[in-house]
């Protein structure tokens, strides 16, 4: 299967594939399986590190300055490790990190490295337009069944605190889908993929179809 994909799919140098979605949709698993199938790709996880550094710095500022910096946190919107984000909060977090995204994309393009970037903090609505949308694809993975999110999170970690917030996660999942659907009507490089009943292999196939479609435009 891997050889067939590599023979059929020609990945341009510096192609950036953003993969978004709420916890439980399989972003990380899909990213690494895509990496196995298409050897030219590399995965960038710096965006998660950036978010963790910002969270740690927030904690440091709170210890050092207490309530004196509350007004700063109202603008930054980088929340603590256990807080799940509404769609609006996720958008604000993405705006805070947008400059970092732009720098990472510019570096990968300059080096000609085809790259996968995934995360809950990736919002196509906010990132659309960076690097003049040149050689960039946005793929949002979503689920249409609340129970499916519960089962996926449970299978990953049966003790996860997220299991208590599945309705909340599902609502964010719907909001992200609707936002991406709206802009996907205008831009050929933005896609929604319903992974509710898809296997990992089928999901990879759909992503590759999206990449091919965009490359051949």
* Order by neighbour count: 188, 121, fewest other Cβ atoms within 10 Å first, most last. => 188, 121
* To do: Give, in nm to one decimal, the length gained when the segment between residue 146 and residue 99 is fully stretched (0.36 nm per residue of separation minus the Cα-Cα distance).
  => 13.6 nm
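Under the √(5λ) rule applied to the eigenvalues of the Cα gyration tensor, what semi-axes describe the equivalent ellipsoid of segment 119-217? Give them in Å, descending. It would help to have the intermediate numbers written out before the result.
Working: eigenvalues 143, 50, 24 Å².
The equivalent ellipsoid of segment 119-217 has semi-axes of 27, 16, 11 Å.
Can you sort 148, 39 by how many other beta carbons sit within 10 Å, fewest first?
39, 148
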* Structure fact -> Between residue 194 and residue 107, the two model label points (7 Å from Cα along the beta-carbon direction) sit apart by a distance in nm of 3.9 nm
* √(5λ) per eigenvalue of the Cα gyration tensor, segment 90-162, largest first, Å -> 29, 13, 12
* Structure fact -> Ranked from fewest to most other Cβ atoms within 10 Å of their own Cβ, 27, 181 fall in the order 181, 27
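No lab work stands behind these numbers, since they all come straight from the coordinates. These numbers come from a predicted model, not from an experiment. Cβ sites come from the backbone with ideal geometry, for glycine too, and all protein chains shown count toward neighbours.
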